[in-house]
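Asks: After the structure tokens below, expect a handful of questions from me.
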Amino acid sequence: MASTFETVADIIAETSDIARESINPDSHIMKDLGVDSLAFLDIAFEIDQRFNIQMPIEDWMQNVNQGGQDSAEYFVLGNLCRHIDALVAKPVAA
Amino acid sequence: MRLEYFQMLDRVDEIDREAMLIRAGSEVPDASPVFDGHFPGHALVPGVLLLETMAQASGYLLLALDGFKRMPFLASAKQASFRAFVVPGDRLDISARRIHDGSGYAVTQAQISRGGEVVADAQLMLRLVPFPVSALEEHVRNEGRRLGFLGEA
């Protein structure tokens, strides 16, 4: 079974036409890979569907814009995968 | 349908919150300045306006589901197909179903049919953002009343 990182990296490569080998756990999706906000929505849609989750992008962006977190916390791939794993592990509300 | 005003829907027939589905109807006018150029002697509703029609149905669905809290803006269209010519006088049935509720965005599958035949379909992504100006919120609420479904919001 593919790891979360492998799955997410494949999604980014497929949706954004970025060479798979250039994507690593330290890559910042926007700053290093050049993904723009629209392309990120395509990535988010694929991740949401593939992992059956809803990434709280609005909350993340609010945290970043209000200075509570650096964007690397959510958009460096290793960190993003950690958040995805946490969302997958989260029990579904009844 | 008033093409030159981008008023693509005539009415909303149904919003099914459980199925996350909207059904709407519209009649292509017999005359419009749009047909002067598209095309002389061979009037056709442009594909981009069919896409806009599906986007508006999707947008009103999301507005209704979200209680008119945020404005949906078309962000992308995938697998858009225009399967048959749409001409003056055609009566169109438009439907859209929300297939994904993301954070700050939603994805719909929309289609237009005529007499049971699908003439256009697409998967649409819409961003959901706070209304940038109150005039826009007022406009979409007025349109919701015109289309006959605002009471459901």
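Asks: Taking the conditions exactly as written (within 14 Å of chain A (Cβ to nearest Cβ), at pLDDT below 95 and either out of contact with any Gly (no Cβ under 9 Å at 6 or more places or on another chain) or surrounded by fewer than 16 Cβ atoms within 10 Å (Cβ to Cβ) (or both)), does residue B:66 satisfy them or not?
Replies: On the way: within 14 Å of chain A (Cβ to nearest Cβ): yes; at pLDDT below 95: yes; either out of contact with any Gly (no Cβ under 9 Å at 6 or more places or on another chain) or surrounded by fewer than 16 Cβ atoms within 10 Å (Cβ to Cβ) (or both): yes.
Criteria met by residue B:66.
Asks: Give the residues of region A:66-94 that are surrounded by fewer than 18 Cβ atoms within 10 Å (Cβ to Cβ) and within 13 Å of chain B (Cβ to nearest Cβ), sorted by residue number.
Replies: A:83, A:87
Asks: Follow-up question, since we're still on this one. Looking at region A:11-25 only, could you name the residues that are in a loop (DSSP other than H, G, I, E, B), over 12 Å from the mean Cα position of the chain (by Cα) and not hydrophobic (A, V, I, L, M, F, W, C)?
Replies: A:17, A:24
Asks: In addition: So, residue A:11, is that one among the β-branched types (Val, Ile, Thr) and closer than 15 Å to residue B:100 by Cα or not?
Replies: No; evaluated as a whole, the condition is false for this residue.
Asks: Of all residues being more than 15 Å from residue B:75 (Cα to Cα), out of contact with any helix residue (DSSP H, G or I) (no Cβ under 7 Å at 6 or more places or on another chain) and part of a loop (DSSP other than H, G, I, E, B) in region A:34-55, which is nearest to the other protein chains (Cβ to nearest Cβ)? Just the residue, please.
Replies: The selected residue is A:52.
A quick yes/no check of all residues on (1) away from chain A (no Cβ under 14 Å); (2) charged (D, E, K, R); (3) free of Cβ contacts under 8 Å to residues at least 40 places away in the same chain; (4) buried (at least 17 other Cβ atoms within 10 Å of the Cβ):
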site	(1), (2), (3), (4)
B:48	yes, no, yes, no
B:56	yes, no, no, yes
B:76	no, no, no, yes
B:84	yes, no, yes, no
B:117	yes, yes, yes, no
B:125	no, no, no, yes
B:136	yes, no, no, no
B:142	yes, no, yes, no
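The values are calculated or read from the model by the stated rules, or taken from the named source; none is laboratory data. Everything quoted here is computed from the prediction, not taken from an experiment. Positions of Cβ are generated from backbone atoms using ideal geometry, with glycine treated the same way; all protein chains shown enter the neighbour counts.
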